[in-house]
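Read the figures in this text as sums done on the coordinates, not as results from a lab. This one's a predicted model, so the numbers in the text were calculated from it and none came from an experiment. Here the Cβ positions follow ideal geometry from the backbone for every residue, glycine too, while neighbour counts run over all protein chains shown.
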Amino acid sequence: MNNDATTDERGPYLLRLEHVSKRFGGVQALDDISFNIRPGEVLCLAGENGCGKSTLIKTISGVHRPEPGAVMEWEGQDMTGLDPARARAMGIQVIWQDLALFPEMSVAENIAFERNLGARPRVVDAAAMRREAGAILERLGVSIPLDAPVRSLSIANRQLVAIARALVADARLVFMDEPTASLSQKETDALIAIVRRLSEQNIAVVFVSHRLAEVLEISSRVTVLRDGRYVGTYSTEGMTQARLTELMTGSSFDYAARPERTDRPAPILSVKNLTREGEYRDVSFDIAPGEVVGLTGRLGSGRTELALSLFGMTRPDAGEIIWQGRPLRLQSNRDAIRAGIAYVSEDRLSLGLVQPQSIADNTVVTVLDRLLGPGKLLSPKKKKRLVDDWIDRLRVKIGAAGDPVSTLSGGNQQRIVLAKWLATEPKLLILDSPTVGVDVGARAGIFAIVDQLAKDGLAILLISDEAPEVYFNADRILHMRDGRLIEEFIPARTTLDHVEEAIHA
Amino acid sequence: MKQILAQLLSGKPGPGAASVPAARENLALVAVLFGLVVLFSAISDRFLTGATFASIAYQLPELGLLTLAMLIPILSGGLNLAVTFSANISGLVLAWVLMWGGGADAGLTALIPAIILALVSGAVIGWVLGAVVAYTGAHPILASLAMMIFLRGLGEFLTRGGSVSGFPPEVTWLGQGNVMGIPVPLVIFALCVGIWALILTRTRLGFAIYQLGSNLEATRYSGINTRWALTMVYVLSGIMCAVAGIVMASRFNSVRVGHGEAYLLITVLACFLGRVDPFGGFGRVAPVILALVILQVIGSGLNLLGTNQHLATALWGGILISVMVMRFIWGRVAGRMR
């Protein structure tokens, strides 16, 4: 059974939930959820966007009332009819992703804020506040200047202030919503150490994160939700990222390297000794129709700069681009598009899509010439047909085609980006970090499209700094470092570990 | 803060929210217009007469044409502060060609080249301004401010601060005549409105203007020649200024640099009252025209009631402010109901 890790032998629960459901109008946000946690335990709440994680946290912290029939117990006592103030008094604290700090106030004021709230007499004792804040930060084993305004702190330090504020309020159960989303690896490691420390002090921590490696490292159990339903609670021992992804998305993914290609068609693009001062140097490679070539390397390796030159946005200083057997000189990206080269930017928010404009307009912006009707005027009918066709072909989930494209999820936005470029009927598609800000499940959907495009004969240059992404989706991997191509891997002939080691070496 | 300001100015319920459907936004303005007409008719029995409508019909086109000239730069995320002086310079070109062709006795042989050259002068002014904005990346407010100062200085130097007058009757007809009872300036204005709506909704350039108004770089990455499109924004604006200049010259039967200077800021406000996003990317022609009619009805109505002209101007400003505040509150209420 799923609940194999929840035997009662390890002591009483701090919090126990059974049959928790929540409806908002016609939407079933939570459907018969079970959830429990012991004092000092670190548990992870996993699931894709919209799976009900936030609703569950809000139910536990008293913001939402569950539907009748729910069992909610705090140290064995019934706690239904909870409100936010009582939840806080009991020691339930939520640190939302935006942290909800006061940027202009000092670290000490932010930490002691909760204590001061409603305290009598209604005066602020600055000395006591600093003392208290200092003691809490010491307990966390960190040092942050108490008088610094919060806006001057790094994101990681702001997070610590938020954690300290929760501790001041005598937290016994702390929810952390995506705490590592904007942290570097080093800062994440430091945060994980803090979480361990909280656990040692018998404070239970529920960690919400998209990063599966982190989830498995930090927590002892993981509770998985999908579409508002309870999937199960599992021990993280022996759990793999692949299995967790499967549980979160409900579909299994084919995690195998692509078989090595035996045929060798004539290349559609050959890059010869391409150089652009300060960006990349002496780069040579080629790519054939139907081939997926991965281009990886660390940030600043020159990957994106190379792609921008292939797309005509910048001009190389030396070297040649041979396109379908002939030298290609690109004056602008319009030349590249005309030749059949499309570029999906790594920066979907500011370069990939015109965010506030409609889904329909973003889909057709690259192919306006094909919408011309009588009198060289844009034909609304042709536009609608083209938009409907692409939304259908790429199975984009939208409300109305006239809605701003910013209303879509990351995965669906990326499908619109793909649609707008596929509409140009390219022969080479450059995908620059196509899964940034895209859910695990939606990633698989994007790569299924990429795979199909390659089968249809499109040449694809897949740029990514995530080694597994290129390893599992490309026929060949080019490794770039400091502006140079330093080696090539064939996934079918090597292991993922080998590729990862090479990149991080 | 910037977000609240944007909401105040544009009345959009905030980023990410679906834009108000075209029909509803026009309906609200029509309702305001209807209310004003009822109000003024109730106060004065001279309001609902042909004379009022004739005065509106002759005054509206000047402000209206200049507002059209302002609209497209705003949609592109910019502004053209040189609209009134561009109109003056084009008017001067018209006047000079007519003077050269015989002044009050000049015939069609002089009039047609005069009109064509006036339009070309507007286009050239716009092209220079547009090229500066598109190629140097200068801020449109600064670039057009510089152009405005240049044009004013040039015009005053060439006319020595005086006016050029004495046109043939064909020109006066353009500003004061009528076709089957409809004032000619109104016919010209209606034509220009139609052309503008067509350009914005049904041409590649119009499409590009909205996109680059929202995000220039993303539009460029999509393969649109944004430099060309941005240049054309100001060329179109310049041509429309020239049309306004011609109508103004023929209505007053003279051209003086500085004519219509007070219209400049009213054109900006008319655009915002017509729900054009001050940061570019959103806005339609029809609501802007409705907003113009509303402003004109208020002006004429107050004028009829014998109100001081300055008080009327103050009321325009007051109404615009209250509209913005009401939109903000409405946006909040609608947002909460959702």
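Some points to look at:
- Placing +1 on the Cβ of every Lys and Arg and -1 on the Cβ of every Asp and Glu, with nothing else charged, gives the protein assembly as shown a dipole about its Cα centre of roughly 2280 debye.
- Entry note, the range B:49-262: relative contact order of 43 percent, from Cα contacts under 8 Å with a spacing of 6+ residues.
- Once the C-beta distance of A:Asp286 and B:Ser322 is scaled by a Förster radius of 60 Å, the resulting FRET efficiency is 0.35 to the nearest 0.05.
- What you get for chain A, charging only the Cβ of Lys and Arg (+1) and of Asp and Glu (-1), is a dipole of about 1500 debye around the Cα centre.
- Listed by chain and number, the lysines whose alpha-carbon sits under 24 Å from that of A:Lys382, ignoring those within fewer than 8 places in the same chain, are A:Lys397, A:Lys420, A:Lys427.
- The fewest-to-most ranking of A:Ser332, A:Ser54 by surrounding Cβ atoms within 10 Å reads A:Ser332, A:Ser54.
- Estimated 222 nm signal from helices in chain A, with DSSP H stretches of n ≥ 4 weighted -39500 (n - 2.57), rounded to 500: -10000 deg cm²/dmol
- The dipole here belongs to the range B:49-262: it is taken about the Cα centre, uses +1 on the Cβ of Lys and Arg and -1 on the Cβ of Asp and Glu, and is about 340 debye.
- Of the beta bridges in chain A, as assigned by DSSP with both residues counted there, near 55 percent are antiparallel.
- Globularity index of the range A:196-263 is 1.45 (Cα radius of gyration / 2.2 N^0.38 Å, N = number of residues).
- Averaging the sequence gap over all C-alpha pairs within less than 8 Å and six or more residues apart, then dividing by the number of residues, gives chain A a relative contact order of 15 percent.
- Remark on the range B:200-294: ratio of C-alpha radius of gyration to 2.2 N^0.38 Å is 1.26.
- Once the convex hull of all Cα atoms in the range A:353-424 is built, its volume per residue stands at 74 Å³.
- Between A:Val405, A:Leu418, A:Trp390, the Cα set farthest toward the positive side of the dipole of the range A:353-424 (charges on each charged residue's Cβ, about the Cα centre) is that of A:Trp390.
- The alpha-carbon atoms of the range B:86-169, seen along their principal axes, cover 47, 25, 15 angstrom, with the largest extent given first.
- Expressed in units of 2.2 N^0.38 Å, where N is the residue count, the Cα radius of gyration of the protein assembly as shown is 1.16.
- Cα convex hull of chain B - mean projected area over all directions, nm²: 18.5
- Sorting the Cα pairs of chain A by distance into bins of 10 Å, from 0 upward, gives 4, 16, 23, 22, 18, 12, 5, 1, 0 percent per bin.
- FRET efficiency estimate (nearest 0.05) - Cβ-Cβ, A:Asp78 to B:Ala262, R0 56 angstrom: 0.15
- Rounded, prolate or oblate (a/c below 1.5 giving rounded, otherwise prolate when a/b exceeds b/c) for the range B:275-315 by Cα gyration tensor: oblate
- In range of the label at A:Phe24: residues from the range A:63-77 whose backbone nitrogen is under 15 Å from the point 7 Å along Cα→Cβ: A:63-67
- Those lysines that a straight Cα-Cα span of less than 27 Å connects to A:Lys186, excepting residues fewer than 8 apart in one chain: A:Lys53
- Shape category assigned to the range A:149-278 from the gyration tensor of Cα positions, a/c cut at 1.5: oblate
- Straight-line cross-link partners of A:Lys376 among the lysines, defined as a Cα under 20 Å from its Cα and at least 8 positions apart when in the same chain: A:Lys384.
- Segment B:Glu170..B:Ala197, full-extension length gain: 6.9 nm, with 0.36 nm per residue of separation and the alpha-carbon distance subtracted.
- With the alpha-carbon atoms of the range A:103-169 aligned to their principal axes, the span from lowest to highest coordinate is 34, 24, 18 Å, starting with the largest.
- For peptide A:400-411, the mean count of partner chain Cβ atoms within 10 Å of a residue's Cβ comes to 2.
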